[in-house]
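Here's the structure, in structure tokens; my notes come after.
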Amino acid sequence: MFNLSSAMAVQFAEYVREMTEKIRELGPNPLRDARNVKHEV
């Protein structure tokens, strides 16, 4: 979580870039595929 004032646009852009990189490193959500699997009873 980041606490920024409205005057910190440059830092906001940097935080967004960092978070985007981190999310891309993590890759796709593994639970998305698990949700689409049909369980047979």
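The values are calculated or read from the model by the stated rules, or taken from the named source; none is laboratory data. Since this is a predicted model, take the numbers as computed values, not measurements. Glycine also receives a Cβ, built like all others from the backbone with ideal geometry; neighbour counts cover every protein chain displayed.
Here is how the numbers come out for the structure above:
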item	result
Where a residue in the range 15-41 is over 30 Å from Asn3 (Cβ atoms) and acidic (Asp, Glu) and its partner, wherever it lies, is at pLDDT 95 or above and not in a helix (DSSP H, G or I), with Cβ under 9 Å and at least six apart	none
Options Glu14, Glu25: the member that is at pLDDT 90 or above, within 10 Å of the chain's Cα centre (by Cα) and outside any loop (DSSP other than H, G, I, E, B)	Glu25
